[in-house]
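Below is one structure, written out as structure tokens, with a few remarks after it.
Bear in mind these aren't lab numbers, they're just calculated from the coordinates by the rules spelled out. Predicted, not measured: the structure shown is a model, and the values here were computed from it. Because the Cβ atoms are built from the backbone with ideal geometry, glycine has one as well, and the counts that use them run over all protein chains shown.
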Amino acid sequence: MKEILDTFRKDLYAGKKVLVSGATSGIGLAIAQGFAGMGAEVIATGTSQAKLDKIKDDATLAGIRFELLDVRDRAAIDKFVPSLGSLDVLVNAAGIVKPDQEFNEDAYLEVIDVNMNSAMRLAMAAYPLLKQSRGAIINTASMLSYLADDRVPAYCASKTGIVGLTRALAHKFGPDGIRVNAIAPGYHMTAMTQDLWSVPEYAGKIEHRTALKRWGTVDDLVGTCLFLASPAALYVTGTTLPVDGGYVNGGW
């Protein structure tokens with residue numbers, strides 16, 4: 001990540017407060033580290049107390065405050081977010097996937113709730129603070145906002161919904177100076193995708209389809225988020241930026 005952070009001014013986010021949901025591991029944690037590395041005060045939330053206990057004393061994560069927050073709980077969100085006092089950037093990174101289970105209604109609704117509804121809950125709770133700071137929201141879409149995977153209908157639906165939600169909130173909040181964008185990750189090496197990248201046959205097929213002929217890492221998403229929340233992107237809103245190494249527009 002050092003090479004990525006060295007691209008930006010070291011104090012780019014000094015004095016800024018950033019909230020990242022789903023940030024106890026994977027993509028969310030990397031994004032939290034990126035903002036912290038640029039001087040931001042970062043609040044990272046997760047739903048697992050066990051994960052929070054495991055990482056809270058990690059010296060490499062200094063500068064990040066970890067908090068327990070269930071993004072499905074509107075009352076908890078409505079209490080937690082205003083307690084921050086101020087906010088400059090909200091990153092909605094909470095997400096789950098349940099392959100082959102999402103045809104069951106309970107699993108389907110849970111995935112929709114975590115992946116899409118939580119972004120709306122957090123955005124609305126953060127709106128008064130972001131209005132004061134003329135801040136930014138970054139949502140997490142996916143390559144499956146554009147492609148289909150017949151094992152994860154709820155994941156596909158939720159990530160497609162994030163694209164529409166991002167556009168709508170950009171126009172709703174735009175008059176208040178709040179910008180709303182999304183990133184659309186491709187295949188990045190995380191715990192969620194381990195069943196694919198750990199099997200050479202599957203990993204190779206995915207790598208071959210990308211333009212860059214490699215899997216993404218979580219660090220590959222950090223620079224994009226730092227850019228989208230920065231003054232360099234002051235006239236960028238309502239857009240979803242693919243960070244997939246060219247996977248979506250590739251071919252086998």
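How large is log10 of I(q)/I(0) for segment 1-71 at q = 0.15, 0.22, 0.27 Å⁻¹ when the intensity is taken from the Debye formula with one equal scatterer per alpha-carbon? Debye intensities relative to I(0), on a log10 scale: -0.44, -0.89, -1.22. Every pair of different Cα atoms in segment 122-252 enters the Kirkwood calculation, which places the hydrodynamic radius at 15.7 Å. Checking every one of the chymotrypsin sites (Phe, Trp or Tyr not before Pro) in segment 201-249 against DSSP loop status and a limit of 13 other Cβ atoms within 10 Å picks out Y235. Its Cα centre serving as origin, the chain has a Cβ charge dipole (Lys and Arg +1, Asp and Glu -1) of approximately 800 debye. Computed from the C-alpha gyration tensor, the three semi-axes of the ellipsoid equivalent to segment 55-129 are 26, 18, 10 Å, from longest to shortest. One way to sum up the overall shape of segment 16-112 is the equivalent ellipsoid from its Cα gyration tensor, whose semi-axes run 25, 16, 12 Å, largest first. Entry note: the chain has Rg to Rh equal to 0.94, where both radii use alpha-carbon atoms and Rh is the Kirkwood radius. For the chain, the longest principal axis of the alpha carbon atoms and the long axis of helix 153-173 meet at an angle near 30°.
A cut-off under 13 angstrom between Cβ atoms defines the neighbours of L19, and their net charge, with Lys, Arg +1 and Asp, Glu -1, is +1.
Three principal axis extents describe the C-alpha atoms of segment 85-183; from largest down they are 43, 25, 16 Å.
Rounded to the nearest 20 debye, the dipole magnitude of segment 1-125 is 500 debye, with +1 charges on Lys and Arg beta carbons, -1 on Asp and Glu beta carbons, and the Cα centre as origin. Whole Å is fine, so just give me how far the alpha carbon centre of segment 175-252 lies from that of segment 95-146. Taking the Cα centre of each part, segment 175-252 and segment 95-146 sit 17 Å apart. Between L109, L221, L165, the GNM of the chain built on Cα springs shorter than 10 angstrom shows L109 fluctuating the most. Of the trypsin sites (Lys or Arg not before Pro) found in segment 123-192, those in coil by DSSP whose Cβ has at most 16 other Cβ atoms within 10 Å are R134, R151. In segment 89-165, taking the dipole from charged Cβ atoms about the Cα centre, the farthest positive-side position among G161, F103, Y127 is held by Y127.
Compared with the dominant principal axis of the Cα atoms in the chain, helix 26-37 is inclined by about 40°.
Checking every one of the trypsin sites (Lys or Arg not before Pro) in segment 1-46 against DSSP loop status and a limit of 13 other Cβ atoms within 10 Å picks out R9, K10. Residues whose amide H comes within less than 5 Å of that of A94, counting only those at least five positions distant or on another chain, are S21, G22 (H built at 1.01 Å from N in the peptide plane). Remark: for residue pairs K16/K131; K159/K205; K131/K172; K79/K172, the C-alpha separation exceeds 19 Å in K159/K205; K79/K172.
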